[in-house]
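**Q** Starting off with a structure, shown below.
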Amino acid sequence: MKKALSVALALCMMFLFSCSSGDKTVAAPSNGAEVEKESAASLIDTAGFGYDVDLVGLSSTLVYAQVYDMMVYPEKYIGKSVRICGMFEVYSNNLGIYFACVVPDALACCTQGIEFDLEGEHVYPEDYPEIGELITVSGTFNTYLENGMTYAQLQGAKLE
């Protein structure tokens, strides 16, 4: 009984680790042709209904990882429609005010977020949620340069 349980557990672990790989790999099917396997990120990309990347309803760990990937490899996401749920935050510097939807990681020690620019004319703070309020925002992922740095942003964003 213990041996069967150990074997079943080992098979489950192998399956989980093979499914959770974020790297694209090439496999040789029985006919000898090469096929590219989907990465974890591309599975998320197709999960949304009407969105290329729908992060609503996913675990905080998965959202954190996906947003991190979007920040490190923004070129993969430019022009894609994105929807995310998190806390509303406001940041400012001498160049302006920036609005973001941020998501903490599972341990709540770190946050990852996406800046957004609401479509239309809006005045802060009247037309925005309270800081820390849970929001869902959607828009088109894009990047912009400011002071020699590249930043990611959801453009034409809408609060849902």
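**Q** Which of the residues spanning region 112-145 are in a loop (DSSP other than H, G, I, E, B) and either over 12 Å from residue 157 (Cβ atoms) or charged (D, E, K, R) (or both)?
**A** Of everything in region 112-145, those that are in a loop (DSSP other than H, G, I, E, B) and either over 12 Å from residue 157 (Cβ atoms) or charged (D, E, K, R) (or both) turn out to be 119, 121, 123, 124, 125, 126, 127, 129, 130, 131, 132, 133.
**Q** Take the residues of region 77-106 that are closer than 20 Å to residue 160 by Cβ and in a loop (DSSP other than H, G, I, E, B): which is nearest to the chain's Cα centre (by Cα)?
**A** Within region 77-106, the match that is nearest to the chain's Cα centre (by Cα) is 77.
**Q** Let me ask something additional. Which residues, taken from region 69-97, are closer than 13 Å to residue 53 by Cα and either touching a Cys at 6+ places or on another chain (Cβ under 7 Å) or without any contact (Cβ under 8 Å) to a residue 60 or more places away in the chain (or both)?
**A** Within region 69-97, 69, 76, 84, 85 qualify.
**Q** β-branched (Val, Ile, Thr) and at pLDDT 95 or above: is that true of residue 90 in this structure?
**A** yes
**Q** Of the numbered conditions (1) of a type outside the set (Val, Ile, Thr); (2) surrounded by fewer than 11 Cβ atoms within 10 Å (Cβ to Cβ); (3) not in a loop (DSSP other than H, G, I, E, B), residue 109 fails exactly one; give the number of that condition.
**A** (3) is the only condition that residue 109 fails.
**Q** How many residues does region 31-58 hold that are over 10 Å from the mean Cα position of the chain (by Cα), among the aliphatic types (A, V, I, L, M) and at pLDDT 95 or above?
**A** Final tally of qualifying residues: 0.
**Q** Can you confirm whether region 59-76 contains a residue that is modelled with pLDDT of 95 or more, at positive phi and not in a strand (DSSP E or B)?
**A** Checked against the condition, which is being modelled with pLDDT of 95 or more, at positive phi and not in a strand (DSSP E or B), region 59-76 yields no hits at all.
**Q** Another one. For the condition surrounded by fewer than 13 Cβ atoms within 10 Å (Cβ to Cβ), at pLDDT 95 or above and not β-branched (Val, Ile, Thr), what is the one hit in 115, 126?
**A** Within the list 115, 126, the selection yields 126.
**Q** Filter region 68-79 down to residues that are buried (at least 17 other Cβ atoms within 10 Å of the Cβ), touching a Phe, Trp or Tyr at 6+ places or on another chain (Cβ under 7 Å) and not hydroxyl-bearing (Ser, Thr, Tyr), then give me how many there are.
**A** Residues flagged as buried (at least 17 other Cβ atoms within 10 Å of the Cβ), touching a Phe, Trp or Tyr at 6+ places or on another chain (Cβ under 7 Å) and not hydroxyl-bearing (Ser, Thr, Tyr) within region 68-79 amount to 1.
The values are calculated or read from the model by the stated rules, or taken from the named source; none is laboratory data. Predicted model, so just to flag it, every value in this text is computed and none were measured. Every residue, glycine as well, gets a Cβ built from its backbone with ideal geometry; the counts of neighbours run over all protein chains shown.
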